[in-house]
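Structure first, commentary second.
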Amino acid sequence: MMSTAHVFDGKKGCYTEYDEPNPIHVFGRTKRKAELIVEKSGLPYLIIRTDIVIGPSLQGDKGTPDFFIKRTKQRKPTHYFTDELRTAVKGENMGRRVMELALSNETGIFHIGGEKVMSRYEIAVSVLKEMGLPTKYIHPKLRAEDVWAHIRPRDLSLSSART
């Protein structure tokens, strides 16, 4: 089962597979309920929690970077939080790690995230630089400057030591 870092509340970060989930919004609570159903099934299982996956979506407009890439190409400013932390993982790396787990005898919960904890702002700038696109349309913003930030977990970084 594919799950998410959003099963955590974002208060501490660097979550391991042994940390107690405490989701703060509907998406996280729904994923956690699904995890519990899988865990209680009595069957061997893999629950893979991931953070932000970086790579193009099949549709070209659904992936995490698709939004800010499109806005950059349109020369529209976009703000990203400098104090909201994640462990973004490239899609091809995640796919390889998922396949390795699926083909192994491993069972249980595993985290797959990137190696480096980065802010949402740093992630956006990094992706644009890697693509050779300008970063001048991406602007830093603090969570305190946004009326809706309180509903988002602050630090969903994952420890991926097991994978």
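The values are calculated or read from the model by the stated rules, or taken from the named source; none is laboratory data. Every value quoted in this text rests on a predicted model; they were computed, and no experiment measured them. Neighbour counts are summed over all protein chains in view; Cβ atoms, including those assigned to glycine, are modelled from backbone coordinates with ideal geometry. For the accessible areas, the whole protein counts, side chains as well, though only heavy atoms, and no ligand, DNA or RNA atoms are used. Shrake-Rupley method; radii C 1.70, N 1.55, O 1.52, S 1.80 Å.
Take S126 and tell me if it is open to solvent by less than 70 Å² (accessible area, probe 1.4 Å) and part of a loop (DSSP other than H, G, I, E, B).
No: the conditions fail for S126.
Among K116, K11, K70, which is assigned to a loop (DSSP other than H, G, I, E, B) and within 18 Å of E130 (Cα to Cα)?
Answer to the check: K116.
Among what's in region 139-163 and is in contact with a strand residue (DSSP E or B) (Cβ under 6 Å, 6 or more places away or on another chain) and part of a strand (DSSP E or B), pick the residue that is farthest from F68 (Cα to Cα).
Per the criteria, the residue is L158.
Given the condition within 22 Å of A102 (Cα to Cα), open to solvent by less than 100 Å² (accessible area, probe 1.4 Å) and of a type outside the set (F, W, Y), answer yes or no: does some residue in region 12-25 qualify?
Checked against the condition, which is being within 22 Å of A102 (Cα to Cα), open to solvent by less than 100 Å² (accessible area, probe 1.4 Å) and of a type outside the set (F, W, Y), region 12-25 yields at least one hit.
Enumerate the pairs (first residue in region 112-139 and aromatic (F, W, Y); second residue anywhere and open to solvent by less than 40 Å² (accessible area, probe 1.4 Å)) with beta-carbon separation below 8 Å, excluding pairs fewer than 6 apart on the same chain, so at least 6 apart or on different chains.
Y121/Y80; Y121/F81; Y121/I138; Y137/T72; Y137/T78
Those residues that are open to solvent by less than 70 Å² (accessible area, probe 1.4 Å) and either over 14 Å from the mean Cα position of the chain (by Cα) or hydroxyl-bearing (S, T, Y) (or both), I need them from region 54-65; list them, please.
Answer for region 54-65, where residues must be open to solvent by less than 70 Å² (accessible area, probe 1.4 Å) and either over 14 Å from the mean Cα position of the chain (by Cα) or hydroxyl-bearing (S, T, Y) (or both): S57, G60, T64.
When you look at G28, is it in a helix (DSSP H, G or I), of a type in the set (G, A, S), within 13 Å of the chain's Cα centre (by Cα) and buried (at least 17 other Cβ atoms within 10 Å of the Cβ), yes or no?
Considered against the rule, which asks whether it is in a helix (DSSP H, G or I), of a type in the set (G, A, S), within 13 Å of the chain's Cα centre (by Cα) and buried (at least 17 other Cβ atoms within 10 Å of the Cβ), G28 comes out as yes.
If you go through region 74-88, how many residues are surrounded by 13 or more Cβ atoms within 10 Å (Cβ to Cβ) and in contact (Cβ under 8 Å) with a residue 40 or more places away in the chain?
Result for region 74-88: 10.
Name the residue that is farthest from the chain's Cα centre (by Cα), counting only residues in region 31-53 that are assigned to a loop (DSSP other than H, G, I, E, B) and of a type outside the set (G, A, S).
The residue in question is L43.
Need pairs with beta-carbon distance below 9 Å; first residue farther than 12 Å from D51 by Cα and without any contact (Cβ under 8 Å) to a residue 60 or more places away in the chain and within region 9-20, second open to solvent by less than 20 Å² (accessible area, probe 1.4 Å) and of a type in the set (D, E); sequence gap 6+ or separate chains.
That search, which allows pairs on different chains as well, returns nothing.
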